[in-house]
Every structure is written in structure tokens, then in C-alpha cells.
1. For residue A:112, indicate whether it is touching a residue at least 12 places away in the same chain (Cβ under 8 Å) and not assigned by TED's automatic domain parsing to the domain that holds residue A:261.
2. Evaluate the following for residue C:102: is it closer than 25 Å to residue B:67 by Cβ, modelled with pLDDT of 95 or more and under 17 Å from the mean Cα position of the chain (by Cα)?
3. Enumerate the helices (runs of 4 or more DSSP H) found wholly within the range C:43-156, keeping only those where 2 or more residues are within 14 Å of chain B (Cβ to nearest Cβ) and crowded, with 20+ Cβ neighbours inside 10 Å.
4. Do we find that residue A:167 is without any contact (Cβ under 8 Å) to a residue 60 or more places away in the chain and within 28 Å of residue A:44 (Cβ to Cβ) in this structure?
5. Just checking, does the range C:19-33 include any residue being out of contact with any helix residue (DSSP H, G or I) (no Cβ under 6 Å at 6 or more places or on another chain) and part of a strand (DSSP E or B)?
6. Can you spot a residue in the range A:207-216 that is surrounded by 13 or more Cβ atoms within 10 Å (Cβ to Cβ), at pLDDT below 95 and over 22 Å from the mean Cα position of the chain (by Cα)?
7. I'm trying to understand the selection: among the residues of the range C:249-291, which are more than 10 Å from chain A (Cβ to nearest Cβ) and not in a loop (DSSP other than H, G, I, E, B)?
8. Could you pull out the residue among C:294, C:227 that is modelled with pLDDT under 95 and either in contact with a helix residue (DSSP H, G or I) (Cβ under 9 Å, 6 or more places away or on another chain) or more than 19 Å from residue C:55 (Cβ to Cβ) (or both)?
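The values are calculated or read from the model by the stated rules, or taken from the named source; none is laboratory data. Just so you know, these numbers come straight off a predicted model, no measurement behind them. Reconstructed Cβ throughout: ideal geometry from the backbone, glycine too, with neighbour counts over all protein chains shown.
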């Protein structure tokens, strides 16, 4: 595997393999000195055309734990401002010696396009409405760990609630959850569903309350306030009344069921209850696991390959 | 000690202890390779809601000399822009694995509030008009070293001149200087003094010229130009005539007396003389000592504790 | 050598010496772990008053390969905003412990001025229309390597085409190419030549087409769109027709001849052909060599000096 562009490119076996590699990275992260020399001398460049402190920091932390060097390009401070083409920018940075680009872009397919202009590995950190594969992997890892499902998600029922239409997280999660065997139900107002769901391995519901007691995982998406301006939502209050996680709704969930969210949360909109008071909330675990999953992805692409040798994660980086 | 929020939280013995630890950090900083592995694998995150290149860089340099990893969040590039609450931002970054946050915020008490949302250590790098404890410690260290006062400041007379009312530096310095035994006099126009000085261990004067020959330390504060707009100052020229350090005033100081300033200076306002020509100016020493003091604070909070073991600062970080 | 301010300060022997040092840095950069501990503990600060991702990143990468610590100051986030003078900013950062400043500034002579306020080494990374010495060195290194001219440029004919008047690259390259023995011809519309070329070791031509078949190196400068507003250029189309590198012009060059550009390119203006399709284009080699040349400069100024000891580049930095 040279790039990580989409969950579609991964087999179920490869997803399992990445999650097992993540187990090792969790162990590394729990050491007194959470640092190994595995990617020493590798240069990981984040190229964010859309701002995201959260995702950029997670990759940055992951790269540093593996002793890679990191550089960040926010596009506003780059030569693209001087009229240089994206291609020239990529080729130029690449010529300085880059092993992996972590790319976020508002256009679907931009990371794929970047692969043509460099020999470096490309990791898609979110492209338009299309894909956000490391988010899906960290969500799988969180469910697998929290519900003790190392062998797969057979029999699990996961609802993804919210703005499916504009969500790269939903697209990636649906593919990953289904690949691992889960039953996935999308819950959203019709205006926030894609025009066609042909080929999506999902069911659809508009009635969250009927589903709630039967779910193993409730996955809430962020509702963008700008969707109201687009007239896709009558009001945030109305959305909240139909689809928001209130304390009353939380009380109707199964005791073992998980509450998840990719962040940042809109408190009072999709998240009305205080997640700190929900026993099933694993939202901060998702953040913690995100670092370990990204370590696994970087190691897979830039390290000694998919097969971990016993020496790979030994010693600290000193 | 888990956090450093205020000089008030420190006993005189603890201040002495930190200054002694700083002696060791000065020695480390003077080595050909000024770097020790003491905080290897620790993650120090600076969270600056107010811009301050000077303070941020000083902490950053300190952390790197101890081999900690560092990350900087300027608030304009963070998720707070997307409407995420401060609490969610802290909890999220914290979940990625943070050992200390260095926090600057325009509201008094913000760093204290942050302690509720994370297990990381919090270092107050300036909150509103309230506190700036590492500034006070570096000021103490500079006086202690420059006047050879390792055992305390008994008998020293220190004047703090300028905008006391809006100054966290003044509040912190008064407490620290007094804790070490100094006599402290505040010199300011009445509009720039706090409404009440109840409980402040200080005297007050409006006549800098009468004091000058008797001082051991003249500590000038930065005068904010915006105070004129607030009508607290008639004009900068008038301020300068009454309280500015002119060459004539400098000539009337005792030969051993120090001139200090927390920076950045307003040349021509509170600092009329060229500090490069004043024998008593230790303004750049303050900057240099700032790095060593911050190394001591980071080591105290994140290292093997207040008691230095002989192995702690051995070898370089390679 | 303490600073690198201008190509004029270097003898031909010193240029040769730096290029030989660069050979070693190319070797280091080709290792599986392209990192040596040579500048461990050194603090390299980039101080960019003009934005340049390309140059800043190149220096940053170079410093990291030598294990130096790096800090970046974009001027918009510094205390200069609070009215602090440039001198105070330099003295303050310097007092925290800086070994080299890499300075870019829009005013000619600014890096020279900075040398007065610090003991650190100063590397000029571009000052106004004056100098950009590391660009000239990387250009020399690229020609030397691509045309196998280790002993000098005697007999080579190099044309520099474009906005000579406003170009620090042109000024630096002319001096460096001539010092190594090349014949240099400037090609530009009269409005984009300096008012006087007294003392420049060059010829001038306005007829690119006549020169083309006889050149060993065609060096294209970036045309700034704002020159049209200055009324120095009638139109970019007209410029392109007279001086742009079209496929037809490229076909008339000698088979061994090189095409060079300092970047970022204006495609469709000075660069009409696709450089990816030109066999003689070494534009990306320039970028790659830029890192190695800057490693050599940093090592020369901050390392064990001009004379490389066999142990200097041994082992990786672990």
C-alpha cells in the first residue's frame, strides 16, 4: 500500500490489519516516553487547504511519536498566493525531500490528483464530501475496543445521524462499518440525505426515537449552521427536537451502547446532553485513538511495511 | 506542585527552590550543546489566546532544551473559530496526550478554569491583569544574580513605575519581591494605580525623582498607548516628563542600581535613555534568564520533581 | 566566515569550497536516514519580513537534517506589531540564545544592519533587489553538477532573461557565475535593465532568439505582474512573445543546454513550454540542491568550520 486515499481501497482484511497495528501503537503511547525511532529521518508534510487544527495536530503528534520530522503548510502562507499552480507547489515541496503528504482539500479527489505529481505517499485527511479514511479507521478502532469486538462487527447495529449528504465522515464510516460486518442505518431529514443511495450498504430511517433502544452505537454528525442558509434545514431548534441527543433520548439507549461524534460538537444542536455525563460517550476516546490510528497508517506507509518486526517498536528514540 | 497559576500559591521557600533549580538550568544553557533529555517524550502545548511572540518563544526554547516536544496553538487557527467551546477545545487537545499547557488569556482566571478540564499541568503565561508568575520568577532571578543576593532581598528597595493598575507583571512582581524580603514602592499617576491597595505589601509614591538615588532596582512597566484613549493619561509626553527614564534621571541612580523592564519597551515614553548605554540595565539578562526560569518550572512540574537527582541533567539529549 | 550576506564577500576559492561541502551534504541527504548530529543544540531562527514558503522551508529542512533546532518568525505575529523596534526585537530574540538568523527583508541592506545587534551569524535569504546569495550558490551547484563542471565555468555561456532591474537573484547570480569564469549575457527589455551596468561583468542583448542556439544555460527570471502596473511592461503577452520560453524556442537550444528558474514560475508568461517536457530543465534539481547548499552554509557558519573532519557527518543523529 503506497497511499491511503479512500476506505474503498482497503479490504476487510487490511482494515483488520491496520487495527491490529493500532493496538501496538496504543501500547507505545502508554509508555513513560511514548516515542519510538521507527520513522526517524522521514519527512511528513501536512498540506491543509482547509483549516483543521484537530486533524492536523493528531497527525503531527502521531508523526512525532514515531520520530518523523514534520512540516505544516497552511495554504494561505504558501506560494499558491503568488499564483503558482498546485502542481508546481507540490513538485517544489516534494523536491526538497518529502516522504508523505497529509492532504486536506475542499475538492473531492484532490489527494488522488496530488499522487500524480510526487513520489511521496499521500494520506487523505479529508477531501470535500468524499472521504476521510483515518476518521473511519479511528471510529472502527474505538468501537472494536469499547465493545470488545476484535473479530468484527457482525450483529452490531450502528446509526449515523445527521447531515449525511455533505459528510465525508459518513461516507467513510458507512464503508468501513459495513466492511467489518455491521448493520448501518442512516437517520436524517430527507434534505440531508444524498439524492441516491444506490450501492450504499445501509438502511434509512427518519425516526430516531424508534431506533434508539436497539442501537449498539449512535454516531452523531456535526450539523453545519450554513445548511440553514441553504434552506436544507428549517431551523436548528427543529433539527435538535427531531435528531438531537437529549438526556431523555440518552436514557432510552441500551446500557452498553456507545455515543460517538467526530467533533467539533455543536452543543445544543446535535448534542444537547452533556457528553461528560453520558456513560456511553466515547468521544474523547475517539480523539485519543485518532493519534494511534494515524501512527499505524504512517508506519504502514513509511515504515518497514505492514508486517511488524519485533524490533520496530523497541526502545525509545534516544 | 502540579500547576503554576500564581505567585500567591508559592511559599518563599518554594520560590528560593525554583531559583536554585534555575541555577542548574543556566549551567545547562551554557554548555556547547545546551540540551538535556530530562523531558524526552513530554508534550508541552502553548495555548495563546493573546499574541506574544516573546513569551511563547521563551517557553518553546525552554521546552526544547529539555527535549520535550512542543506544539503551538494560536487561537485564530483553532476550532474555537468553528464555535467549539473552550472546554471542548481543551478536552480534545488534552485527549491527544498533553503533559502541560502554557496558557495566555485576556481574562483573569482563565488558566485556573482550564485546570478543571484536563489532567495536564497548567502554567499561567499571563491572564488579564491578574498574574504572570514566570515573569516574576525571572525578575527575581535576575535581581538575585545581578546583585548577588542568593539568600533573599532583605534591605533592597525596589520601585515599580508605571501602569500598575492594568499590569499582571506588577501584581506578580510585588508578591514575589515582598516574599523574598524586599521593600517595594509603587510609582504611578493616581489614575494608573488600582482603586484599593489593601493588602498589597507596598508603599506608594508619586515622586520618582525623590526616590531615584535610594533605589536598588528601578522596574519600568510598559505604558500602553491605549491608556490615553481611556483618558487615564493626558499625554505620553507628560507621562514621559514625570516618569520616563531619561539620561538625566539615570545619572542620579546609585552606581550599583539595576534598570529592568518586562518588554517590549516603548522607547521615548517610559524608556527615554538608550538602555544599551545604561550600565545598570539588565533588560536583556531578563530575557536570557527567562528561558532558564521556564526550564526550571517545566522541570519542576513534569520532571522528576522538585528534587534534582544528579543524573537528571547529565549528558546531552543524543 | 561569520555571516553570509552577499556573493561579493566570497572569493572564487570560497565558492568552490562551499560547493565541495555541498557534495557531502548531497551524500548525507541520500542516506536512508538523511540526518546527522553535526549542529545538535544549535538554534537557527528564520526571520521573514517577506513571505516565502519555498525559501523558509528549504532552510528549515536543511537545519533539521543537521539536527539543529529551528524557530520561525513571520513578522506579522511578532512584537514589531506592538511598536517594538526591529533592533529591540533582534536583541530580545537573540538574548534567548540564537546561533543563526536567516533573514529575508524587503529593504536592501537589512541583514547587514541586523549583524550590529546580535552575536549570531546572519544569513541573507533575500534583501530587496540586492542579494540572495544561497540562491546563487544553489544555481552554481546545479550547473556544476548537471554539466559536470567541477573545476569552474570557463567557456560556459549563460543568459539571464527577464526583470534584471528588480532581481536580487540576477545580481547574485551574475557575480557568482562570473566568479567561476562563465560568460554572462543579460537579456531583457530596456525598461527592465538597471539604469547603469557599470562594473557588471556582463554583456547585454535584446534578442533572445539570436542567442538561443549558443547558450549552455538559459536562466529565466520570474516576471512580476505588478511591473505592468508600473508601466515597465506593455503587456505580459508581449513579454511572452519576445522573451518567453516556448516549445519552439526550446527546440532551438543546444541538446546539452540547461533551463533554470528560481521559482515560483509564471506559467504562460516567462515559461510557456511545460518544463516537465523539456529535457534540459533542471528546475526541480535547483530545489533539491537548495537544501544541500543551505546545509553546507549552515555547517560552514555554525559547524566545525570550513574544513570538514571525517567524523563530522558520521552516524545518524540518534
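1. Working: touching a residue at least 12 places away in the same chain (Cβ under 8 Å): yes; not assigned by TED's automatic domain parsing to the domain that holds residue A:261: yes.
When the stated conditions are applied, residue A:112 passes them.
2. Details: closer than 25 Å to residue B:67 by Cβ: yes; modelled with pLDDT of 95 or more: yes; under 17 Å from the mean Cα position of the chain (by Cα): yes.
Yes: the conditions hold for residue C:102.
3. Details: elements: C:53-65, C:86-95, C:110-114, C:133-146.
Here the list reads C:53-65, C:86-95.
4. Details: without any contact (Cβ under 8 Å) to a residue 60 or more places away in the chain: yes; within 28 Å of residue A:44 (Cβ to Cβ): yes.
Considered against the rule, which asks whether it is without any contact (Cβ under 8 Å) to a residue 60 or more places away in the chain and within 28 Å of residue A:44 (Cβ to Cβ), residue A:167 comes out as yes.
5. no
6. no
7. C:249, C:250, C:251, C:258, C:259, C:260, C:277, C:281
8. Values: C:294 fails: modelled with pLDDT under 95.
Criteria check complete, one pass: C:227.
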